[in-house]
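**Q** Below you'll find the structure I mean.
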Amino acid sequence: MTVRTDALLKELRKRLMPSQFRPSLLGMLTNPFYFARSNLHKNLATISGKVGGRMLDVGCGQKPYRHLFHVSEHVGLELDTPANRESKQADCFYDGHAFPFPDESFDTVFASQVFEHVFNPDEFLGEARRVLRPGGALLLTIPFVWEEHEQPFDFARYSSFGVTHVLEKHGFKVQQVVKSGGDLSVVLQIWGMYVYKALAPGKGLVKAAAAGLMTIPLNTAGSLLVPLMPKNPDLFLDLLVLAVKAEPR
């Protein structure tokens, strides 16, 4: 019975996974992070057409945004841990320091919700620049208003000015900065996170289901209210930053 239950839970997770990252009715009903994820997906879909070629997806996880990019090759890279080898859809693994690729071997480096977990940003950006071809693109998504997560490996939050400064310091020229969720969805998402972490009972899928039931009214009503309320570009959920590898001075 336990083996069968585990198999059913694994299959359910697999079916629910796309709705955790893409805006959909199922996501609205089951995802306590619906507003952040739907805003991020929408903005990535818009900016994805500005990158191409051979892409390195650093911290790729399950490659939830692979369908948004029209690239010649999508190479997923993850930290080399037993858990990541078992659960992530990575093509390659690394030690957290040097990317295991030759110089100038990619046209795009993509890292979604990864940079805040990097305790060695100088080294990380140096490696990203090294593996990019001249004029290659770096696309980052970074949380701004968000809880501490994946503890204890949550090290930083970056403002639009802070990330621009750091990228320019490391030989990148920022082309575009998008503030994702700069509206009422910030408040709604904070409440959703609170419900999921503090009020929903259980663990795993049970907790997710309980949180979903508690946030269905919030997600549904909020989706109707957000377009009607004024925006606040100084308070937002995530940053999307597109930069290119600049020529050495």
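**Q** Suppose every K and R has +1 on its Cβ and every D and E has -1 on its Cβ; what is the size of the dipole of the range 181-249 about the Cα centre, in Debye to the nearest 20?
**A** Using only the charged Cβ atoms, the result is roughly 260 debye.
**Q** Placing +1 at every Lys and Arg Cβ and -1 at every Asp and Glu Cβ, with all other atoms neutral, what dipole size does the range 122-249 have around its Cα centre, in debye to the nearest 20?
**A** Dipole of the range 122-249, to the nearest 20 debye: 260 debye.
**Q** Please report, in debye to the nearest 20, how large the charge dipole of the chain is about its Cα centre when each Lys and Arg carries +1 at its beta carbon and each Asp and Glu carries -1 there.
**A** Here the chain has a charge dipole of around 800 debye.
**Q** Please report the antiparallel percentage of DSSP beta bridges with both residues in the chain, rounded to the nearest 5.
**A** Antiparallel: roughly 45 percent of the beta bridges in the chain.
**Q** Only residues of the range 182-200 count here: report those whose backbone N is under 14 Å from the spot 7 Å along Cα→Cβ of Ala221, or say none.
**A** What the label zone holds, given the 14 Å backbone N cut-off, is 188-189, 191-192.
**Q** Hey, another quick one. Taking the solvent-accessible surface of protein heavy atoms with a 1.4 Å probe, what is the per residue accessible area of the chain in Å²?
**A** 52
**Q** Still on this structure, I have one more. For a 26 Å ceiling on Cα separation, which of these pairs sit above it: Lys50/Lys169; Lys88/Lys207; Lys88/Lys169; Lys42/Lys173; Lys169/Lys197? Please report the intermediate quantities before stating the final value.
**A** Values: Lys50/Lys169 23 Å; Lys88/Lys207 22 Å; Lys88/Lys169 32 Å; Lys42/Lys173 24 Å; Lys169/Lys197 37 Å.
Where the Cα-Cα span goes over 26 Å, the pairs concerned are Lys88/Lys169; Lys169/Lys197.
**Q** Which order do you get for Glu123, Glu86, Glu116 if you rank them by accessible area with a 1.4 Å probe, largest at the top? All intermediate terms of the calculation are to be shown ahead of the outcome.
**A** On the way: Glu123 75, Glu86 160, Glu116 0 Å².
Most to least solvent-accessible, the answer reads Glu86, Glu123, Glu116.
**Q** Of the listed values [x] 18.6, 65; [y] 18.8, 61; [z] 21.3, 66, grab the one calculated as Rg and Dmax of the Cα atoms in Å from the structure here.
**A** Calculated Rg and Dmax of the Cα atoms in Å: the matching label is [x].
**Q** Still on this structure, I have one more. Could you tell me how many degrees, from 0 to 90 and to the nearest 10, lie between the Cα long axis of helix 160-169 and the main elongation axis, the longest principal axis, of the Cα atoms of the chain?
**A** 30
**Q** Positive end of the charge dipole of the chain (Lys, Arg +1 and Asp, Glu -1 on Cβ, about the Cα centre): tell me which of Thr164, Ser112, Ser223 has its Cα farthest that way.
**A** It is Ser223, whose Cα lies furthest towards the positive end.
**Q** Return one number: the angle in degrees, 0 to 90 and rounded to the nearest 10, between the long axis of the Cα atoms of helix 2-16 and the longest principal axis of the Cα atoms of the chain.
**A** Roughly 60 degrees, rounded to the nearest 10.
**Q** Tell me which aspartates and glutamates have Cα within less than 15 Å of Lys63's Cα, excluding those fewer than 8 residues away on the same chain?
**A** Hits, sequence-local ones excluded: Glu73, Glu78, Glu86, Asp91.
**Q** With each pseudo-label sitting 7 Å past Cα toward Cβ, what's the Leu26-Arg157 distance in nm, one decimal?
**A** Those two pseudo-labels are separated by 3.2 nm.
The values are calculated or read from the model by the stated rules, or taken from the named source; none is laboratory data. Keep in mind the model is a prediction, meaning the values are calculated, not measured. With ideal geometry, Cβ positions are generated from the backbone for all residues, glycine too; neighbour counts draw on all protein chains shown. Keep in mind that these areas ignore ligands, DNA and RNA; they rest on the heavy atoms of the full protein, side chains included. Shrake-Rupley method; radii C 1.70, N 1.55, O 1.52, S 1.80 Å.
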